[in-house]
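Visitor: Okay, handing you the structure first.
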Amino acid sequence: MKKSLVATAVIGALSLSTSAYSAEIFNKDGTTFDVYGNLQFALWSLQQPDGSGEVDASNEFGDNGSTLGFKGEHSVNDDLTAYFKFEFESDADEIKTGNGLDTGDQAYFGLKGDFGDGRVGSWDALIDDWVQDPVSNNEFFDVSDSNGAVQGINSLNTLGDTSTDREGDKLQYLSPSFSGLRFAAGVQVKGSAENENISSSDKAAFFGGAEYTTGPLRVAFVYDSLDNYDGDVTGRQNLDTNGNVAGNYDAGDQFGLSVQYEVNDDLRLAVKLEQYNSGDDNFVADESRYALGARYNYGLGDVYGTYQFVDVGDTQFSNLAGGAPDNSDDSFNEVVVGATYDITPAMYTFVEAAYYDREDDLGDGIAVGAAYLF
């Protein structure tokens, strides 16, 4: 998942939110409409394959997730509010030669009230928001997560430019808080005619979780059935040692647990347990992740870091495409550290470094950048 600096700012020194810098365009008779966004630029150097089979430093200056968003809500009555959010991204570093707002981010609408919150549309996976982000939701680098085993380079579920679309076509219900405890449950629906549907039949995959907050402590658990990633993957990228392709594939399931503790107003600690259970370990391995993250506000910004241990199970065949290394039956130590500096309440800079413990230092790098929130 592409991390958003707006999300980072929420947990940063100033406790910013997107609404803190949004422009209120309309506010009348219980209806509001706001515009907000951010511009983000970064310079980075990464250890990446150079096309000849070697791994070498690759340097680039570019956009780091610039976003323009619209949101609004309407008070139906004292107990019910309708709302929406619509976000777009662009390559702001080359906006003149680019395609403008060419990428969608989030788009959903819903109803909220004393009964809870129900929404439909496209947004980050629940395991992202409740389990992965609390430990590592940084400016440029993050520790790895098990989403890649589902739809990334490690997965069986990529064919050409057809995305498996982890975030779209969802319906979700979030309960009100019951003495600090709330529940989320939802489905991701894929019709038989949709190109990203791996199966030829209509499918609905369940996901859900529970979150408990008391004082400075927050505990969250999330489960995702991944049923939309089951299906016939014959002809896709993965071959066994005999040149045979996988056929009917079971993607398995995914779950995670996170614990956050706010030591004081300046220091927050978080731990994570994340597990991907493969449904077909002939091709895709089980993956376990254990992480510890910390973020400290020093007055003019944050310093932060994450350590993660990754344990990847054994597979009979390599499941990676494009000459990428086969990480099955291995373990890794991942470290990301960084710092931000607030120039103004709406503008800040950052520097980050990452170490992923892969062969030939693959993925390791450093990045510096800046963001302006509006």
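Visitor: Taking region 178-218 only, how many residues are part of a strand (DSSP E or B) and either within 16 Å of Ala125 (Cβ to Cβ) or out of contact with any helix residue (DSSP H, G or I) (no Cβ under 6 Å at 6 or more places or on another chain) (or both)?
Guide: Counting residues in region 178-218 that are part of a strand (DSSP E or B) and either within 16 Å of Ala125 (Cβ to Cβ) or out of contact with any helix residue (DSSP H, G or I) (no Cβ under 6 Å at 6 or more places or on another chain) (or both) gives 24.
Visitor: A further question follows. Whether any residue in region 47-65 is farther than 30 Å from Asp360 by Cα and among the β-branched types (Val, Ile, Thr) is what I want to check. Give the derivation first.
Guide: Step one: filter region 47-65 for residues farther than 30 Å from Asp360 by Cα, giving none.
No: region 47-65 contains no residue that is farther than 30 Å from Asp360 by Cα and among the β-branched types (Val, Ile, Thr).
Visitor: Can you give me the ranges of the strands (runs of 3 or more DSSP E) entirely in region 257-317 with at least 2 residues that are open to solvent by less than 30 Å² (accessible area, probe 1.4 Å), touching a Lys or Arg at 6+ places or on another chain (Cβ under 7 Å) and of a type in the set (Gly, Ala, Ser)?
Guide: none
Visitor: Testing Asn282 on (1) in contact with a strand residue (DSSP E or B) (Cβ under 9 Å, 6 or more places away or on another chain); (2) touching a residue at least 40 places away in the same chain (Cβ under 8 Å), one condition comes back false. Which one is that?
Guide: Evaluating Asn282 over (1) in contact with a strand residue (DSSP E or B) (Cβ under 9 Å, 6 or more places away or on another chain); (2) touching a residue at least 40 places away in the same chain (Cβ under 8 Å) leaves (1) as the failure.
Visitor: Now for a separate question. Can you tell me which residues in region 107-140 are in a loop (DSSP other than H, G, I, E, B), within 18 Å of Phe86 (Cβ to Cβ) and open to solvent by 10 Å² or more (accessible area, probe 1.4 Å)?
Guide: Going through region 107-140, the residues in a loop (DSSP other than H, G, I, E, B) turn out to be 114-115, 123-125, 133-140.
So of that shortlist, the ones also within 18 Å of Phe86 (Cβ to Cβ) come out as 123-124.
Result: Asp124, single match.
Visitor: Is region 265-277 home to any residue that is out of contact with any strand residue (DSSP E or B) (no Cβ under 6 Å at 6 or more places or on another chain) and modelled with pLDDT of 90 or more?
Guide: Yes, region 265-277 has at least one match.
The values are calculated or read from the model by the stated rules, or taken from the named source; none is laboratory data. Worth saying up front: this structure is predicted, and the values here are computed from it rather than measured. Using ideal geometry, Cβ is built from the backbone for each residue, glycine included, and neighbour counts are taken over all protein chains shown. Side chains are part of the model used for accessible areas, which takes the heavy atoms of the whole protein and leaves out ligands, DNA and RNA. Shrake-Rupley method; radii C 1.70, N 1.55, O 1.52, S 1.80 Å.
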